[in-house]
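Student: Input: one structure, supplied below.
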Amino acid sequence: MPESPAVPTANPSSAELTAEDGKLVILARGARGRVGAVEGAAVRDQDGRTYAAASVSLPSLAITALQLAVASAAAAGATRLEAAVVVTEASTLDGAGYAAVRDLAVDAPIHLAAPDGTVLGTVTE
């Protein structure tokens with residue numbers, strides 16, 4: 001199995017999220033909650049379209065919520081992402097999800113939020 005890329009640490013967020021990024025938190029929480037998944041994620045593309053997903057863990061397929069949200073955006077024709085959110089109980093961002101976002105955006109903020117929607121930090125590198 002290939003090694004996950006190194007992920008920069010999420011910097012604690014002292015500023016309020018933009019209204020649009022706040023919507024991503026709501027979408028990610030909803031995706032996670034609907035199926036009781038470990039993670040929920042949402043991304044916004046260059047046209048303002050949003051894509052939400054939950055983590056999937058099947059015997060033949062395992063994909064993080066962020067990977068699936070990015071894949072949905074790419075499958076719909078997105079060429080760039082403006083922002084991403086992951087809602088999880090983990091305290092760090094997973095390497096595979098980070099890499100998927102960076103495939104479509106080298107500098108889009110990736111917000112890490114707790115299940116209650118509290119933003120724990122943001123990765124911008």
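The values are calculated or read from the model by the stated rules, or taken from the named source; none is laboratory data. Every value quoted in this text rests on a predicted model; they were computed, and no experiment measured them. All Cβ positions, even for glycine, are placed from backbone atoms using ideal geometry, and neighbour counts span all protein chains on display. Please note that ligands, DNA and RNA were not included when accessible areas were found on the heavy atoms of the full protein model with its side chains. Shrake-Rupley method; radii C 1.70, N 1.55, O 1.52, S 1.80 Å.
Student: Scan the strands (runs of 3 or more DSSP E) fully inside the stretch 12-94 and keep the ones with 3 or more residues being of a type outside the set (S, T, Y).
Tutor: Working: elements: 39-45, 50-54, 56-58, 61-63, 81-88.
It comes to 39-45, 50-54, 61-63, 81-88.
Student: If you don't mind, another one. Taking the stretch 53-67 as the search range and keeping residues that are open to solvent by 50 Å² or more (accessible area, probe 1.4 Å) and hydrophobic (A, V, I, L, M, F, W, C), which one is nearest to the chain's Cα centre (by Cα)? Before you say what the answer is, go through the steps one by one.
Tutor: At the first step, the residues of the stretch 53-67 found to be open to solvent by 50 Å² or more (accessible area, probe 1.4 Å) are 57-62, 67.
Now narrow it down to the ones that are hydrophobic (A, V, I, L, M, F, W, C): 58, 61-62.
Values: L58: 20, L61: 19, A62: 16 Å.
Looking at residues that are open to solvent by 50 Å² or more (accessible area, probe 1.4 Å) and hydrophobic (A, V, I, L, M, F, W, C), I get A62.
Student: Quick one: which of V101, V119 is under 10 Å from the mean Cα position of the chain (by Cα), hydrophobic (A, V, I, L, M, F, W, C) and surrounded by 15 or more Cβ atoms within 10 Å (Cβ to Cβ)?
Tutor: On the way: V119 fails: under 10 Å from the mean Cα position of the chain (by Cα).
Sole residue among the options that is under 10 Å from the mean Cα position of the chain (by Cα), hydrophobic (A, V, I, L, M, F, W, C) and surrounded by 15 or more Cβ atoms within 10 Å (Cβ to Cβ): V101.
Student: Can A108 be described as among the small types (G, A, S) and either crowded, with 21+ Cβ neighbours inside 10 Å or touching a strand residue (DSSP E or B) at 6+ places or on another chain (Cβ under 7 Å) (or both)?
Tutor: On the way: among the small types (G, A, S): yes; either crowded, with 21+ Cβ neighbours inside 10 Å or touching a strand residue (DSSP E or B) at 6+ places or on another chain (Cβ under 7 Å) (or both): yes.
Yes; evaluated as a whole, the condition is true for this residue.
Student: Any residue at all in the stretch 105-119 that's among the small types (G, A, S), in a strand (DSSP E or B) and under 22 Å from L17 (Cα atoms)? Even if it seems obvious, please write down each step before you answer.
Tutor: Here is the first cut: in the stretch 105-119, the ones among the small types (G, A, S) are 105, 108, 113-114, 117.
Next, only the ones that are in a strand (DSSP E or B) stay: 113.
Keeping just the survivors that are under 22 Å from L17 (Cα atoms) gives 113.
Yes, the stretch 105-119 has at least one match.
Student: Kindly list, by first and then second residue, each pair from a residue in the stretch 72-90 that is within 18 Å of P109 (Cα to Cα) to a residue that is among the hydroxyl-bearing types (S, T, Y), limited to pairs with Cβ atoms under 7 Å and residues at least 6 apart or on different chains.
Tutor: Taking only residues 6 or more apart or on different chains, the pairs are A73/Y51.
Each row is one residue, and each column tells you yes or no for (1) modelled with pLDDT under 95; (2) open to solvent by less than 30 Å² (accessible area, probe 1.4 Å); (3) of a type in the set (D, E).
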residue: V38; (1), (2), (3): yes, no, no
residue: A71; (1), (2), (3): no, no, no
residue: A84; (1), (2), (3): no, yes, no
residue: T92; (1), (2), (3): yes, no, no
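Student: Quick one: is L66 of a type in the set (A, V, I, L, M) and farther than 13 Å from L27 by Cβ? Don't jump to the end; show me each part of the working.
Tutor: Working: of a type in the set (A, V, I, L, M): yes; farther than 13 Å from L27 by Cβ: no.
No, not satisfied.
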